[in-house]
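Here's the structure we're looking at; comments come further down.
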Amino acid sequence: MQVVVLIGGLGTRLYPLTYTTPKCLLPIGNKHFLSILLDWLKRNAVTDVVFAVSHFAPTIAEFIKSDLADCGIPITLRHETDPLGSAGALVNCADLLQDDFILLNGDVLMDLNLEELIEFHRKNSAAVTTTVSEVDDPSHYGILDVQEDGRTLDWQEKPTREDAKSKWGNVGAWAMTKRVLDFIPAGRFTSLEKETFPQILAEGLLFYAYKFKGYWKDIGTVDKYVQANRDLLNGVISGLQPAGKEIQPGIWVESPECVPDDIQVTSPAAIGKDCRIGSGVKLAGPVVIGSDVQIGDGVQMASTVVWHGASVGSGTKMSSSVLGGATIGAECVLNPGCVVATNSAVADRSVLASNTSLGPGSRLP
Ligand code: GTP
């Protein structure tokens with residue numbers, strides 16, 4: 001089974017985190033999203049993967065070379081000079097594609113069984129099969145008008161609640177046959193959702209929906225990214241655990257020798273490699289601490305995600321925030337909803353109001 005993964009978008013809804021890190025390399029439970037994706041593809045008998053890249057292509061290529069070279073699945077990178085949109089990116093891979101294949105949005109964490117999806121697609125001789133799940137708010141999703149057997153009559157892109165013809169929303173995983181490419185003009189920005197799918201439906205090609213009841217979450221906004229970390233820590237994603245060893249129920253540690261005895265950790269929590277953690281630190285889960293993080297004496301953190309290389313001064317308190325590889329001084333307070341990007345620095349005794357967002361390289365004296 002061949003899989004094409006779209007990972008060339010700008011990820012603007014995740015700013016400031018994605019100014020310096022591509023969305024597909026964000027850490028979740030101390031694992032890079034792409035590593036999690038590859039493990040899942042391996043469990044699904046995938047035989048080859050094509051990554052459609054554009055924005056951050058060299059960074060992604062470097063990561064694949066250094067971290068995924070031994071993953072056991074042949075990987076091809078197909079590059080777009082400028083992002084071509086979901087359809088444009090797909091047609092740009094045309095010469096690499098088999099007769100039928102899986103297409104994935106490369107920002108969705110899920111435990112979908114891809115073999116069942118492609119089997120359903122082949123059984124129906126469909127041109128396109130979209131994985132769908134029941135959604136609460138149709139205005140954020142592509143909504144499919146689906147019959148009992150999955151035959152799809154219409155695709156509405158982000159309709160209002162009143163206009164939505166169903167609750168079945170697009171998850172971001174499709175099975176497709178190659179003839180879909182005949183409907184996509186090459187060399188320009190095109191969207192599957194806005195152009196190709198409506199055209200295919202209008203032409204009467206067989207279009208099906210595969211109803212999925214398992215776990216899925218796109219990590220496209222800061223809130224969803226944080227929730228994905230929590231879900232992983234809470235064990236709700238089948239086949240997926242945080243990095244490290246579970247030293248107590250719900251507490252995962254990569255370098256146990258770096259965790260002092262006098263700290264208080266409430267599960268769920270994950271602590272990465274080679275951290276320096278001071279005495280009297282309190283971590284109230286769900287908390288993820290990346291590798292090489294320095295945490296001063298008496299720091300208190302609750303519901304927070306901290307990336308590789310961050311440093312937090314003594315006595316600082318933070319809750320429900322995301323800290324890139326930033327430096328936070330001593331005795332600071334980060335109120336809920338703060339996002340501090342990599343390479344920014346916050347001086348001692350600073351107080352960040354709720355939902356403060358600091359871009360990379362910011363200096364807060
Ligand atoms: P926002 O700017 O926050 O909307 O994020 P995004 O650019 O990633 O767009 P979106 O969340 O809709 O993308 C879903 C998936 O498709 C992500 O994995 C993107 O990386 C990928 N993607 C989006 N646009 C393109 C594109 O033009 N080319 C390629 N190769 N991938 C894309």
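Taking 97, 34, 232 as the candidate residues, the one with maximal mean-square fluctuation in a Gaussian network model of the chain, Cα springs under 10 Å, is 97. Please state the shape class of the range 218-347: rounded when a/c is under 1.5, otherwise prolate if a/b exceeds b/c and oblate if not, all from the C-alpha gyration tensor. Verdict is oblate for the range 218-347. GNM remark for the chain: springs join alpha carbons under 10 Å apart, and the peak mean-square fluctuation among 290, 324, 309 falls on 309. Its Cα centre serving as origin, the chain has a Cβ charge dipole (Lys and Arg +1, Asp and Glu -1) of approximately 440 debye. Within straight-line reach of residue 317, meaning a Cα separation under 17 Å, sit the following lysines at least 8 residues removed in sequence or on another chain: 282.
A crude spin-label estimate for the pair residue 98 and residue 255, with each label 7 Å from Cα along the Cβ direction, gives 4.2 nm. Of all aspartates and glutamates in the structure, those lying under 16 Å Cα to Cα from residue 273, and not within fewer than 8 positions of it along the same chain, are 246, 254, 257, 292. The relative contact order of the chain comes to 13 percent, based on Cα pairs under 8 Å that sit 6 or more residues apart.
Along the axis of the charge dipole computed for the chain (Cβ charges of +1 for Lys and Arg, -1 for Asp and Glu, origin at the Cα centre), the listed residues 64, 108, 19 are led at the positive end by 19.
Magnitude of the charge dipole for the range 264-340, about its Cα centre and with charges confined to Cβ atoms of Lys, Arg (+1) and Asp, Glu (-1), is about 100 debye. Annotation: per residue accessible area for the range 261-365 equals 39 Å², rounded to a whole number [probe 1.4 Å, protein chains only].
In plain terms, the chain from residue 202 to residue 246 could stretch by 10.6 nm, reckoned as 0.36 nm per residue minus the Cα-Cα distance. Which cross-chain or sequence-distant (5 or more) residues have an amide H under 5 Å from the amide H of residue 319, H modelled 1.01 Å from N in plane? For residue 319, whose amide H was placed from the backbone, the distant partners under 5 Å are 302, 334.
Under the convention that each Lys and Arg Cβ holds +1 and each Asp and Glu Cβ holds -1, the size of the dipole of the range 14-80 around its Cα centre is about 140 debye.
For a straight C-alpha distance cut-off of 20 angstrom, the aspartates and glutamates reachable from residue 23 (same-chain residues fewer than eight places away being disregarded) are 39, 62, 67, 80, 82, 107, 111, 218, 223, 231. Between residue 236 and residue 76, the modelled labels are 3.8 nm apart [label points 7 Å from Cα along Cα→Cβ]. For the chain, carbon and sulfur atoms together expose 47% of the accessible surface, with a 1.4 angstrom probe and every protein chain in place. When the Cα centres of the range 158-181 and the range 1-73 are compared, how far apart do they sit, in Å? Their Cα centres are 23 Å away from one another. Across the range 242-364, the mean sequence separation of Cα contacts (distance under 8 Å, 6 or more residues apart), normalised by length, yields a relative contact order of 14 percent. Here's the picture: charge each Lys and Arg Cβ at +1 and each Asp and Glu Cβ at -1 in the chain, and of 309, 35, 272 the one pushed furthest to the positive end of that dipole is 309.
The values are calculated or read from the model by the stated rules, or taken from the named source; none is laboratory data. What you see is a predicted model, and the numbers here were worked out from it, not measured in a lab. Glycine also receives a Cβ, built like all others from the backbone with ideal geometry; neighbour counts cover every protein chain displayed. We work out accessible area using only protein heavy atoms, side chains counted, and drop any ligands, DNA or RNA first. Shrake-Rupley method; radii C 1.70, N 1.55, O 1.52, S 1.80 Å.
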